[in-house]
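Below is one structure, written out as structure tokens; the observations come after it.
Each reported figure results from applying straightforward, stated rules to the coordinates on display, with no laboratory input. Please read all numbers here as calculations on a predicted model, not as lab measurements. All Cβ positions, even for glycine, are placed from backbone atoms using ideal geometry, and neighbour counts span all protein chains on display.
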Amino acid sequence: MSLRCRAKHLRPRPYLLRQRAAGIALTKSLANELGAQGIRVNTVCLGRVRSAQVERRWQCEAPELSWEDYSARQGQNIPLGRLGDAKDVANAIVFLVSSRASYVTGASLNVDGGRSATV
């Protein structure tokens, strides 16, 4: 693995947790403020989902592996045993904007295969 790949992808990133917490707090605040106007505000928190960013990481970390082998290896750390894909995220968003979620606001929906720690 090149030094560039290692430095870019493997360094600790505690700021990501702070950014997620800030986004969730903003979601709750806006939901409270805009609910009286019938505006629902929710957020979708993504886990490891196949994307150009994840594919670049694969090429840096393990270019000798096929995508299937790399994603299977990454899925070992996820309770559902796999990486997500765009359809998983789209389905969550479709639900949140549908009439079936008409009483859902201020919510943060984790689409991460069960990986995030929740209380």
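Structural remarks
- A dipole drawn for the chain from +1 and -1 charges on Cβ atoms has a positive end, and of Leu16, Thr105, Ser51 the residue lying farthest that way is Leu16.
- Using 0.36 nm per residue and subtracting the Cα-Cα separation, the extra length available between Ile78 and Ala36 on full extension is 11.3 nm.
- Coarse-grained scattering of the chain at q = 0.21 Å⁻¹, given as base-10 log I(q)/I(0) from a Debye sum over alpha-carbon atoms: -1.24
- Taking all Cα pairs closer than 8 Å and separated by 6 or more residues, the relative contact order of the chain comes to 36 percent.
- Simple Cβ-charge dipole of segment 23-119, Lys/Arg +1 and Asp/Glu -1, about Cα centre, in debye nearest 20: 260 debye
- Zone of Ser66's modelled label, taken as backbone nitrogen in segment 72-108 under 12 Å from a point 7 Å along Cα→Cβ: 72
- Largest GNM mean-square fluctuation among Ala36, Ala107, Ala92, using the chain with Cα springs under 10 Å: Ala36.
- Under the span-like rule (Cα at least 15 Å along the axis, Kyte-Doolittle mean at least 1.6), DSSP H helices of the chain: none
- Highest-MSF residue in the chain out of Arg82, Arg100, Arg48 [GNM, Cα springs under 10 Å]: Arg100
- Amide proton proximity set for Leu109, modelled H, under 5 Å, gap of 5+: Thr43, Val44, Cys45
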